[in-house]
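Input: a single structure, listed below in structure tokens.
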């Protein structure tokens, strides 16, 4: 048979999915994949149910239903402070991943260079590679994950097309400061390049930190595609609903490309998620308080066991260093062995550190833990960890 397309040559199941399958074999608690297995708000479920009962089952406009885009316009203006002018600068997508794919198809040609910060979200890099982009990496190191902006600018060439910024970060929970984003905005203008910002964890912030959208800064909106979604905020990862915000000319092209790929996001589910914007703001306060409590439990447990823990500033992940455990326990030679050890000895699934770096060796001492669980489930996971690996 003739070979498959070259773009599929290096595709493989992600480490995240692989450890999930192994955990299913051994049984236990998955603190690896960010699946948010908590209840979706009733208002959203009832809204989708009603839309189905009302036969709102035909294609929507490829950019999304009017009610949802109207709600997003207000949200982006008020919460994100993005200088967006109309619904024509918003597109509803099949998950924020769908928004990322549409952005790539619209902005990039094969051979274009894209700057990515390590540790990164692996799906971004895999998709960029499939697109034929050349990745240029800037490594950051915990606990503060500071950016070397001189190194960033040194990577920019006449082939550089975009910079990817994820805030709050996955896997490290870094929340970009206004000063850092202002430096990115200056680079965009100076070198005539785009930014792609993934802001899916924008409501998950700790210790009084503020979420700032790059597109809200002077001069940045015209060069920035802002991506977000509903999966993480409302515990509905399987609904696959996200959105993109940017200049109308870019959003229009993204919409046309999305129309070719999947026509539209599921119409009845769009009606359901539109109900989220009628919910009381108390939902966000309760969510923030709940995640802060879970972060405290997860991070303090890992520190008791002996992990070095850069406490996340946002999101619901922690990238913890296990190197000090080698003196007390076997099975911690590298991240692959450590991940297997946690599954076999404690029944806990995690993600290998190598999943977030271009060079596997850079992630060899760390594992990512996800604390997007019901509190009692997270308590049980922490109990199992301390039982298998008693604190010194």
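Out of 318, 273, one residue alone is crowded, with 20+ Cβ neighbours inside 10 Å and touching a strand residue (DSSP E or B) at 6+ places or on another chain (Cβ under 6 Å). It is 318. No other residue among 363, 331, 314 is at pLDDT 95 or above and on the phi > 0 side of the Ramachandran plot apart from 331. With respect to the conditions (1) part of a loop (DSSP other than H, G, I, E, B); (2) under 22 Å from the mean Cα position of the chain (by Cα); (3) under 30 Å from residue 131 (Cβ atoms); (4) modelled with pLDDT of 95 or more, residue 69 falls short on a single one, namely (1). Look at residue 150 and say whether it is in contact with a strand residue (DSSP E or B) (Cβ under 6 Å, 6 or more places away or on another chain) and in the same structural domain as residue 183 (by TED's automatic domain parsing). No; evaluated as a whole, the condition is false for this residue.
When residue 47 is tested against (1) assigned by TED's automatic domain parsing to the domain that holds residue 232; (2) in contact with a helix residue (DSSP H, G or I) (Cβ under 8 Å, 6 or more places away or on another chain); (3) assigned to a helix (DSSP H, G or I), exactly one condition is not met: (1). Once the stretch 111-133 is narrowed to residues that are assigned to a loop (DSSP other than H, G, I, E, B) and in contact with a strand residue (DSSP E or B) (Cβ under 9 Å, 6 or more places away or on another chain), the residue that is farthest from residue 258 (Cα to Cα) is 119.
Taking the criterion of being out of contact with any helix residue (DSSP H, G or I) (no Cβ under 7 Å at 6 or more places or on another chain), within 30 Å of residue 385 (Cα to Cα) and part of a loop (DSSP other than H, G, I, E, B), the residues of the stretch 1-44 that qualify are 12, 13, 27, 34, 37, 38, 39, 40. Looking across the stretch 191-219, the residues that are touching a strand residue (DSSP E or B) at 6+ places or on another chain (Cβ under 7 Å) and more than 20 Å from residue 314 (Cβ to Cβ) come down to 191, 193, 194. Answer yes or no as to whether residue 18 is more than 30 Å from residue 283 (Cβ to Cβ), free of Cβ contacts under 8 Å to residues at least 24 places away in the same chain and exposed (fewer than 15 other Cβ atoms within 10 Å of the Cβ). The answer is no for residue 18.
The values are calculated or read from the model by the stated rules, or taken from the named source; none is laboratory data. Please read all numbers here as calculations on a predicted model, not as lab measurements. So basically every Cβ, Gly included, is an ideal-geometry build from the backbone, and we count neighbours across all protein chains shown.
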